[in-house]
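Novice: Quick one: the structure is below, and I'll ask about it shortly.
The values are calculated or read from the model by the stated rules, or taken from the named source; none is laboratory data. As the structure is a computational prediction, the values presented were derived from the model and not from experiment. In this analysis, Cβ positions are derived from the backbone assuming ideal geometry, glycine residues included, and neighbour counts consider all displayed protein chains. What goes into the accessible areas is simple: the full protein's heavy atoms, side chains included, and nothing from ligands, DNA or RNA. Shrake-Rupley method; radii C 1.70, N 1.55, O 1.52, S 1.80 Å.
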Amino acid sequence: MTGFARAEGEADGISWVWELRSVNGRALELRLRLPPGFEPLEPQLRAALGQRCRRGNVSATLSVTRLVPPAIRINRPMLDQIVALLRELSRDIDAAPPRLDGLLAVRGIIETVEDDPEPVVAARRAAVFAGWAQALDRLAAARQEEGARLAALLADQRAGLAALVEAAAASAAAQPVAIRARLEALLGDLAGLAPSTPEERVAQELAMLVTRADVREELDRLRAHIAQAGELLARGDAVGRELDFLCQELNREANTLCSKSADIELTRVGLSLKAAIEQFREQVQNLE
C-alpha cells in the first residue's frame, strides 16, 4: 500500500531528517539513501522494516546536517609543493607572486576534520535509528488508513459480486424449461423430414443438454469463494495473497459459467461478473 512518512530530530551536534515513501509491490523491497558514515545501520534498518511491512516498494532517504561546523586544517605538504613549484616557475616566467587567498582557494589545500570520537558517532547512529523507528510507525499508520479505505471499497465490490452471482442463479434457474422448449421446437421442425423420434430418445437428448448447461456447481463454488473473501476481509490481517488466489478461482468459475451458458441473459451476467472480478482483483493487489 502507498504511504508517506517524515521524522526529524537532533542529537550530538547533528540534525537529521528521514523521508519514507511506500508504493504497491508484490514483495518487500527497500531502497536506502544514506550519507557517509551511516552505512553500518543498513542491516538494522532493513530488519526493522521487515517487522512492520510484508509487501511494498519503500524508498527511504536520510539527510544529515552538522549543527557545528567541522574543524579545518591546512594540507601543509600540498601547500609546500605548490609554493616550491611557483618558485621554480618564477625563474622562467615573469609574473606577480601568488596571493595567500589564491593559494587557499586551491582545491585540497583546506580540509575539513570530521574524525569524531567513536562514542559520539555511536550516539548519532543510535539517535538516527530511533528516528527510523518513529518514521516507520508513521508510515505504518498511513498505510493502515489507506487499508481501511481500501477494505471498505473491497467490501462494496464483494457485495456486487454476490449480487451478480444471484442474478446468474436466477437466470440459470429457467434453463431446463428453455432447453426443453427449444428441443421440442426443433423436433417439430424436423417432424416432416424424418420419422417421429421416440419419447425415450427425446428424454435422453434433453437430459444430456440440461446436464451440459447445468451451472449449479459453478454457482455454489462462486458463493463459497465470495463468502471466504468476506471472512478474509473481516480478519483484518495481511490477506492480499490469499485474496489474490481466490480471485483466480472466481475467474475460473466465471469462465466456466460463460462457456456452459445456453442463455443470452446468463452470458451477459457472466461477462459482467468477470469484469467485476477483475476490478476486485486490481484492488486486492494493493493489499499486503
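Novice: Which residues, taken from the range 61-90, are among the aliphatic types (A, V, I, L, M) and in a strand (DSSP E or B)? Please lay out each step first, then the result.
Specialist: Of the residues in the range 61-90, the ones among the aliphatic types (A, V, I, L, M) are 62, 64, 67-68, 71-72, 74, 78-79, 82-86, 89.
Leu62, Val64, Ala71, Ile72, Ile74, listed by residue number.
Novice: Testing Val128 on (1) in contact with a helix residue (DSSP H, G or I) (Cβ under 8 Å, 6 or more places away or on another chain); (2) closer than 25 Å to Thr2 by Cβ; (3) open to solvent by 50 Å² or more (accessible area, probe 1.4 Å), one condition comes back false. Which one is that?
Specialist: (3)
Novice: Also, quick follow-up: Pairs only if they're at least six apart or on different chains, beta carbon under 9 angstrom, first in the range 265-283 and modelled with pLDDT under 90, second open to solvent by less than 50 Å² (accessible area, probe 1.4 Å) and aromatic (Phe, Trp, Tyr); list them, first residue then second.
Specialist: Cβ pairs passing all conditions: none.
Novice: Condition test on Ala194, is it farther than 30 Å from Ala48 by Cα, open to solvent by 30 Å² or more (accessible area, probe 1.4 Å) and modelled with pLDDT of 65 or more? Before you say what the answer is, go through the steps one by one.
Specialist: Working: farther than 30 Å from Ala48 by Cα: yes; open to solvent by 30 Å² or more (accessible area, probe 1.4 Å): yes; modelled with pLDDT of 65 or more: no.
The answer is no for Ala194.
Novice: Taking the stated definitions as given, is Ala229 surrounded by fewer than 19 Cβ atoms within 10 Å (Cβ to Cβ) and in a helix (DSSP H, G or I)?
Specialist: Considered against the rule, which asks whether it is surrounded by fewer than 19 Cβ atoms within 10 Å (Cβ to Cβ) and in a helix (DSSP H, G or I), Ala229 comes out as no.
Novice: Specify the residue that is farthest from the chain's Cα centre (by Cα); the eligible residues are those in the range 3-51 that are within 20 Å of Gln285 (Cβ to Cβ) and basic (Lys, Arg).
Specialist: Taking the candidates together, the pick is Arg21.
Novice: Mind checking which residues of the range 26-60 are part of a loop (DSSP other than H, G, I, E, B), of a type outside the set (A, V, I, L, M, F, W, C) and surrounded by fewer than 16 Cβ atoms within 10 Å (Cβ to Cβ)?
Specialist: Taking the range 26-60 as the starting set, the residues that turn out to be part of a loop (DSSP other than H, G, I, E, B) are 26-27, 34-38, 53-55.
Next, only the ones that are of a type outside the set (A, V, I, L, M, F, W, C) stay: 26, 35-37, 54-55.
Those that are part of a loop (DSSP other than H, G, I, E, B), of a type outside the set (A, V, I, L, M, F, W, C) and surrounded by fewer than 16 Cβ atoms within 10 Å (Cβ to Cβ): Arg26, Pro35, Pro36, Gly37, Arg54.
Novice: Follow-up. Residue by residue through the range 254-264, note down the ones that are in a helix (DSSP H, G or I), open to solvent by less than 50 Å² (accessible area, probe 1.4 Å) and touching a residue at least 24 places away in the same chain (Cβ under 8 Å).
Specialist: Ala254, Thr256, Leu257
Novice: Take Arg138 and tell me if it is open to solvent by 80 Å² or more (accessible area, probe 1.4 Å) and either farther than 30 Å from Cys53 by Cα or not charged (D, E, K, R) (or both).
Specialist: Against the criterion (open to solvent by 80 Å² or more (accessible area, probe 1.4 Å) and either farther than 30 Å from Cys53 by Cα or not charged (D, E, K, R) (or both)), Arg138 does not qualify.
Novice: May I pose another question? So which of Ser59, Ser63 ends up being closer than 24 Å to Ala122 by Cβ and in contact with a strand residue (DSSP E or B) (Cβ under 9 Å, 6 or more places away or on another chain)?
Specialist: Numbers: Ser59 fails: closer than 24 Å to Ala122 by Cβ.
The conditions single out Ser63.
Novice: Hey, another quick one. Restricted to the range 79-108, and to residues that are loosely packed, with under 10 Cβ neighbours inside 10 Å and of a type in the set (Asp, Glu), which residue is modelled with the highest pLDDT?
Specialist: Here the answer is Asp101.
Novice: Can you tell me how many residues within the range 232-250 are open to solvent by 50 Å² or more (accessible area, probe 1.4 Å) and under 25 Å from Ala27 (Cβ atoms)?
Specialist: Filtering the range 232-250 down to residues open to solvent by 50 Å² or more (accessible area, probe 1.4 Å) leaves 234-237, 241-242, 245, 248.
From the residues that got through so far, the ones that are under 25 Å from Ala27 (Cβ atoms) too are 235-237, 241-242, 245, 248.
So the answer is 7.
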